[in-house]
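Before any comments, here is the structure.
Every number in this text was worked out from the coordinates using simple rules, so none of it is lab data. None of the values given here were measured: they were computed from a predicted structure. Ideal geometry is used to build each Cβ from the backbone, glycine not excepted, and the neighbour counts take in all protein chains shown.
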């Protein structure tokens, strides 16, 4: 029957389009992850260098109070680490689901296919192909 043949072609086209969408989303996610990793490494290095030189400047500038300076610098590092940990946790909780568009398209395709199959079964016509 022509309806079954066109349904097969439509399903094939849908599957091909959805796999292309998966490929595009996968490439976008990989690019985004690589960019974030590079930026995170750069930021971590810059902050480490800045805090190290700040610590050394404070330590040598206030040599008579070196124990107190070391304690304050350690507390500053702990505070910065805690704030960074909270921000990272917040970003991970807010992160969008990967492949959300593909999942939505697959759900829509499933509904359309179920409707088409129900219509095909209700017509009761045998497959003539």
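Here are a few things to note about the model shown:
- Footprinting exposure proxy ranking of 109, 31, 97, fewest other C-beta atoms within 10 angstrom first, gives 97, 31, 109.
- Helix axis angle, 100-123 relative to the chain longest principal axis, alpha carbon, degrees: 10 degrees
- Dividing the alpha-carbon radius of gyration of the chain by the rule-of-thumb value 2.2 N^0.38 Å gives 2.09.
- With Cα atoms, 0 to 90° folded angle of helix 66-94 axis to the chain main axis: 10 degrees
- Each of 106, 19 was scored by other Cβ atoms within 10 Å of its Cβ. Listed from fewest to most, they are 19, 106.
- Förster radius 30 Å - calculated FRET efficiency between residue 33 and residue 80, Cβ distance, rounded to 0.05: 0.80
- Only DSSP H runs of four or more residues enter the estimate; each adds -39500 (n - 2.57), and after division by the residues of the chain the mean residue ellipticity at 222 nm equals -32000 deg cm²/dmol.
- Helix 2-61 axis, angle to the chain major axis (alpha carbon atoms, nearest 10°): 0 degrees
- Gained length - residue 42 relative to residue 16, 0.36 nm times residue gap less alpha-carbon distance: 5.4 nm
- On full extension, the segment bounded by residue 26 and residue 6 gains 4.2 nm, given 0.36 nm per residue less the C-alpha separation.
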